[in-house]
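The values are calculated or read from the model by the stated rules, or taken from the named source; none is laboratory data. Model, not experiment: these values are computed from the prediction. Please note: Cβ atoms are built from the backbone with ideal geometry, for glycine as well, and neighbour counts cover all protein chains shown. SASA here: full protein model, heavy atoms, side chains in, ligands and nucleic acids out. Shrake-Rupley method; radii C 1.70, N 1.55, O 1.52, S 1.80 Å.
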Amino acid sequence: MRVSIWLGAIVLAFAVTTGGALALALQTDGAHAPTVARPLAASGSSSVAPLRGVSRPASVAKTSRPAAPAHAPAPAHAPAPAHTAAPIPRPVAPSIVIGSTQQVLINKDRAGAGRRALSWSSCLYSVALSNARRMAKQGFISHTNGPNVDLGCHLGSYAGENVGYWSGGVNDVQINSLFMSSPDHRANIMGPYHYVATAWVTAPNGVAYIAVEFA
């Protein structure tokens, strides 16, 4: 009896230790990526929503059918089906909403890598516009809490943000080229997202600032 209690205590201690390591891993997984400043295009930032409990499908009970009689007489003629089943229509993929030139360039980049296009989100646009206005007012690019606010749009479990500026005013082609030349920015453009929104705001001195929000 004492031996079984001692073994049970060891198993319980191992379970508690393993649970603590899992909780720490989940918490660490949701931490923000470090911000890296670069000229003309700031670093991309991303955030991951805390993992939620995974629900397992309930087991399906099998029903037993009554056994057929040992010598069941075979029917003379099999009855013809009354109606032919109609083919099940395939689900139609939702159309992609386009809201900006930068979005078109992002989807072109993703298509070249075999990734699905991102649709426009008005909720993400409000975040992008707010961040672009903030940067134009302060006169330099920076990340605040963009990815966390993006998650508030409830479009998915992942969110990211690219920000940058162009001294000659709005220039989508040039800023997209800079984003794609930076590993951090490119990772956001190619990320596991479904929606995007972009916003430019030009400061009084003519410098244009852009924020790109992903979810």
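Looking only at the range 110-126, which residues are farther than 15 Å from E213 by Cβ, open to solvent by less than 70 Å² (accessible area, probe 1.4 Å) and in contact (Cβ under 8 Å) with a residue 40 or more places away in the chain?
Scanning the range 110-126 gives R110, A113.
Looking at (1) open to solvent by less than 70 Å² (accessible area, probe 1.4 Å); (2) in contact with a helix residue (DSSP H, G or I) (Cβ under 8 Å, 6 or more places away or on another chain), which is the only condition T101 fails?
(1)
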